[in-house]
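Data first, discussion second: the structure below is written as structure tokens.
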Amino acid sequence: MLGIARLVAPDGRALRLERRAAALFAYLALCGPSPKYPLACLLWPDSEPTMVRNNMRALLRRLRMLTDAELVLGDAEGLQLAPDARVDAALLREAAEGGRHADVLAASRAQVLEGLELEGCSELERWLEAMRVAVEGWRRTARERELARLEGAGDLGGALALVRGWVQVEPESEEAARAQMRLHFLRGERGAALAAFQRVSAVLEQELGVRPTPETLALAREIEHAAPAHPPTATPPRPLLPLAVRRPRILVGRDEAWEQVERACMAGKMVFLVGEAGIGKTRLSEEIAESWGMWHRTEGRLGDTAIPYASQARALRAILSQRPTLQLPEWIRRELLRLMPELGGPGEQPRPLSSAEDKLRFYDAVTEVMWSELGRFRTIVTDDVQYWDAASSELFTYALLSREARQGAAWRHERPHLIDCYREAELPTWSRQAVARLVAAERAEVVRLAPLSAPEVHALLEGLGVRGLAEHAQALAQHTGGNPLFVVETVRHLLETGALERGWPERLPIPAKVSTLIQHRLERLSSRALVLAQVAAVAGAQFSLRLAARILRQPERELREAARELEGAQLLVDERFSHDLIHETLEAAMAPAMKAMLHGLVAAVLEEQGAPPILLAQHWLRAAEPSRALPQLLKAANGDEEVLLSPEAAELYATAATLLAQAGLIEDAALAREHERSLRLRN
């Protein structure tokens, strides 16, 4: 499934798979046993029910004829891969989840179902795209962890080999270049370190029309002026991340939310814990549950919404897997076959749900198992409820309210406490309505988690046990918008990459995990809102709806709806990004051509408004318009020189000299270099 989909027989023969067969194998490999009819609906979403079933039977028959083997097992209700079928994508996932980073990196770097298009299967296409993003995330995490391990063990050669592969895949990555520079220098290869800097500088100039960031420039200067390094004979291993960083010990700023949850649960209410990704819902719910005694966790997963009862089936499997010797009453076992085909014997199939009474019996069976098995727990935490499918939500609501109707109001105080966590902006309509009904009936309460304030970020940093970190609380609060996960992941990234060893960086990085979370939020925007967000990212501090209206040549009132969408998604607040990571993730995700075009449009409008020369120069450079950037650079350099900002003026003259030389204006370039040298000496 990694690369072009194909089957490989034991004798080495390779068989190509058509697109629906490939999608079927990939889905079963990555999602496990699945209900047959809903899966068929994903493959043929526009077909009539009878045709859907016929198509699935025909597909399975073609697979048997192609392979002379039963690679897909199942019956009328469910499908699963044969135990002896080995799928590379599933093995990759197992390695990633098991922390076997070397195995992840050794696997194929190809995309899941590379080149496969699922036109006409929109839900399946979205699932496939999510899987591709997930696989890239596994690889990124594995690379970071393996690099840290190799460096910590003093294996600089192994670490350098890993970084070289990274550079080949992402030649424009300054993070990769800095890692390569640092490793070469530690090995006593200063020339190779500076060559790595020259390489990334050339790539950035040719592909993006920009210079390296101050962090990369500072590292290059440090290497250039340092005494020649000698290969260390025994590099001491880098200390492991403090446990407090890997799992912070304190729940800062959550006392009030804890009390709200506790009051609601003790009143017999279900609690909905709400907030954006990374805000701390999962951690808070688990800490509360742990403090109350024995508890159980279940979750929704991306892709569940397309498959009826997918979430509920997973929850039941998790419950019953803890009781392998449990003997279910026969009538319940027969009903649960609809969700768990593995409970049936050979060829056994559940009866169709042909009436309201049939559906009620099915719901009652699930309700009976759910509460009889969950009753031994004090608390049930359900995470990522925004991914639950509509059928599972309906079934759970029935199970909750019907049991209370039978047992009486006192049962609300006898059942386990129920805490559901979700991201409000991503909650489907049916779930939103179910929550509203439960709240209106005083059966539930919503508790919203807000971002941390700067003092709360300070307290969080103090609890991480990293010396000198808390003094940067204000900078981290601004950089992360007070999102606890973003704070911790940023600190983790700085520690793992050794960035803090050279002091606090001028520009904080985007940890991969956080970037993935933000990218997921961006993908849910309408096209107009996304374009407005891209304009805001390129325009930076100068952004306003008025500026965007001029850039996009649209009336300001028409952009307000897009702005409201961005504010509703907690990406924009008062015409600015809610935190810097959103801004930087947007910029990193934009295609170079799109970014250059927007920089040119922003520069043209700002030039008309008489913006500062340095600002105009930056935009024109990023728009790949050096001829329009040059006069602004010189004007900015002169201005900085006049107000005694020698280092800044020197940098501007250096950039101007490079542009002049490229334009063939050698004498002017020499004059700019002379200005640069004079200012550096003065400094």
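The values are calculated or read from the model by the stated rules, or taken from the named source; none is laboratory data. Quick caveat, the model's predicted, so the values are computed rather than measured. Here the Cβ positions follow ideal geometry from the backbone for every residue, glycine too, while neighbour counts run over all protein chains shown.
Some notes on this structure:
- Positions within segment 523-540 being out of contact with any helix residue (DSSP H, G or I) (no Cβ under 6 Å at 6 or more places or on another chain) and of a type in the set (D, E, K, R), in sequence order: 523, 524
- In segment 522-541, the residues that are over 21 Å from residue 133 (Cα atoms) reach residues that are of a type in the set (Gly, Ala, Ser) and part of a helix (DSSP H, G or I) with C-beta atoms within less than 7 angstrom, at least six apart or across chains, in these pairs: 528/562; 529/562; 532/548; 532/562; 532/563; 535/548.
- In segment 389-429, the residues that are aromatic (Phe, Trp, Tyr) and surrounded by 17 or more Cβ atoms within 10 Å (Cβ to Cβ): 396, 422
- When 558, 641, 607 are screened for being farther than 29 Å from residue 170 by Cα, part of a helix (DSSP H, G or I), charged (D, E, K, R) and modelled with pLDDT under 75, only 641 passes.
- Unique residue being outside any helix (DSSP H, G or I), closer than 25 Å to residue 415 by Cβ, outside the structural domain of residue 42 (by TED's automatic domain parsing) and of a type outside the set (Ser, Thr, Tyr) when the list is 312, 327, 349, 260: 327
- Single match in 254, 247 (criterion: modelled with pLDDT under 80 and closer than 29 Å to residue 427 by Cα): 247
- Residue check for residue 604: on the phi < 0 side of the Ramachandran plot, outside the structural domain of residue 634 (by TED's automatic domain parsing) and not β-branched (Val, Ile, Thr): no
- Test: residue in segment 130-151 that is aromatic (Phe, Trp, Tyr) and at pLDDT below 85: yes
- Count of residues meeting criterion [free of Cβ contacts under 8 Å to residues at least 40 places away in the same chain and in a strand (DSSP E or B)] in segment 16-62: 1
- Helices (runs of 4 or more DSSP H) enclosed by segment 63-168 - at least 3 residues per element that are buried (at least 16 other Cβ atoms within 10 Å of the Cβ) and of a type in the set (Gly, Ala, Ser): 88-97, 122-152
- Among residues of segment 250-262 that are within 11 Å of residue 448 (Cβ to Cβ), those with a Cβ under 9 angstrom from a residue that is surrounded by fewer than 17 Cβ atoms within 10 Å (Cβ to Cβ) and charged (D, E, K, R), sequence gap 6+ or separate chain, pair up as 257/448.
- Residue within segment 412-419 that is in contact with an Asp or Glu (Cβ under 7 Å, 6 or more places away or on another chain), in contact (Cβ under 8 Å) with a residue 12 or more places away in the chain, assigned by TED's automatic domain parsing to the domain that holds residue 296 and of a type in the set (D, E, K, R) present: yes
- From 305, 325, residue being farther than 17 Å from residue 371 by Cβ and touching a residue at least 40 places away in the same chain (Cβ under 8 Å): 305
- Selection of segment 169-200 for residues being surrounded by fewer than 23 Cβ atoms within 10 Å (Cβ to Cβ), within 29 Å of the chain's Cα centre (by Cα) and of a type in the set (S, T, N, Q) yields only 173.
- Tally of residues being touching a residue at least 40 places away in the same chain (Cβ under 8 Å), crowded, with 20+ Cβ neighbours inside 10 Å and either assigned to a helix (DSSP H, G or I) or of a type in the set (A, V, I, L, M) (or both) across segment 364-388: 8
- Leading residue by the ranking (farthest from residue 32 (Cα to Cα)) among those in segment 296-336 that are surrounded by 21 or more Cβ atoms within 10 Å (Cβ to Cβ), touching a Phe, Trp or Tyr at 6+ places or on another chain (Cβ under 8 Å) and modelled with pLDDT of 85 or more: 335
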